[in-house]
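A short reminder: the numbers here are calculations on the coordinates, not readings from a lab. Worth saying up front: this structure is predicted, and the values here are computed from it rather than measured. Ideal geometry is used to build each Cβ from the backbone, glycine not excepted, and the neighbour counts take in all protein chains shown.
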Amino acid sequence: MGENKLKKFFGVTIAILVLIVLVATIFVKEAKILNNNNDSSIETKIENQKEADDNKKEPSQESKENPTVPSDTKKPDDKKPVEPEKVKPEKEKPKQPAPVKVKPMVALTFDDGPHPQYTVQILNSLKKYNGHATFFVVGNRAEKYPAVIKQISKNGNQIGNHSYSHKELTKLNEAGIKKELTKTSDILQNIIQKKPSIIRPTYGSVNNRVKSSAGAPLILWSIDTLDWKTKSKTTTVNKVVGKVKDGDIVLMHDLYKPTAQAAEAIIQNLTAKGYKLVTIDELFAARGVKLQSGQVYHNAYKKK
Ligand SMILES: [Zn+2]
């Protein structure tokens with residue numbers, strides 16, 4: 001090897017070494033930069049976390065403010081009490097069709113009174129069993145026994161119009177019909193400060209003239225005990241107890257002792273069977289039926 005060649009060799013070797021050193025330096029620098037980047041990325045991560053924490057704190061502060069915002073979420077809550085009200089009718093709805101919960105109802109009605117003894121006896125029986133009934137009174141008898149009229153009303157029973165002198169309304173002209181009804185109506189107004197809102201036509205006789213002149217609903221019946229005819233307690237009781245059903249209107253007369261006795265047995269029996277004894281108004285109100293003037297009603301059976 002010549003001297004020149006040696007110089008070249010060393011020169012190249014030095015150059016290579018310098019290159020290696022340069023490259024190594026660059027690597028180390030880049031490695032440091034990378035590390036720095038990693039550090040900074042960690043720092044930014046920490047910063048981000050801090051920010052995130054701050055954000056978490058801020059929302060928590062917002063959530064303190066949110067009680068006003070949740071007031072929006074409370075608005076639905078406020079609406080919820082409204083919704084439960086909407087739900088309530090749904091809860092009530094099943095109650096209406098549930099025949100078990102709603103007691104069957106019967107309206108006992110007594111015509112031709114009042115009677116100072118038997119009407120009072122019937123009133124006592126009704127009171128004993130927390131029942132109500134309707135008394136279709138005759139005006140000239142109401143005049144005689146105003147105290148009984150007052151007692152009927154005071155006990156929560158209903159009083160209906162059964163004419164003034166028990167004339168058959170179908171045999172009267174319009175003026176005659178109105179006179180019979182108005183007279184009784186005025187008498188009752190004087191005694192209990194209330195006019196009767198329903199009429200029981202005498203003998204159950206109705207024609208178009210009676211309907212148009214009545215000025216009130218005409219209440220007939222679905223069970224006729226014929227108590228006035230048999231004057232038998234047992235027969236009267238059996239007429240009712242054997243075949244009574246929800247919505248029936250029972251006809252009796254509070255002028256007779258056997259009727260008063262039968263009434264007590266009937267009231268006791270029906271109450272024990274779970275019937276609610278109601279007035280005519282209560283019966284039809286329970287059915288959602290608004291009684292119409294001049295219209296005839298025989299019962300309040302449920303429509304199927
Ligand atoms: Zn009568």
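Brief remarks on what is shown
- Look at (1) within 16 Å of the ligand (Cβ to nearest atom); (2) touching a Gly at 6+ places or on another chain (Cβ under 8 Å) and you find that L172 fails only one, number (2).
- Residue match in region 129-147 (condition: more than 14 Å from the ligand (Cβ to nearest atom), of a type in the set (S, T, Y), under 20 Å from I267 (Cα atoms) and surrounded by fewer than 22 Cβ atoms within 10 Å (Cβ to Cβ)): yes
- Hits in region 178-196 - residues which are among the small types (G, A, S) and not in a helix (DSSP H, G or I): none
- H166 surrounded by 14 or more Cβ atoms within 10 Å (Cβ to Cβ) and either within 13 Å of the ligand (Cβ to nearest atom) or of a type in the set (D, E) (or both): yes
- Within region 189-213, tally of residues that are surrounded by fewer than 21 Cβ atoms within 10 Å (Cβ to Cβ) and within 16 Å of the ligand (Cβ to nearest atom): 4
- Qualifying residues in region 280-304 (those that are of a type in the set (S, T, Y) and either in contact with a helix residue (DSSP H, G or I) (Cβ under 8 Å, 6 or more places away or on another chain) or assigned to a strand (DSSP E or B) (or both)) - the one surrounded by the most Cβ atoms within 10 Å (Cβ to Cβ): Y297
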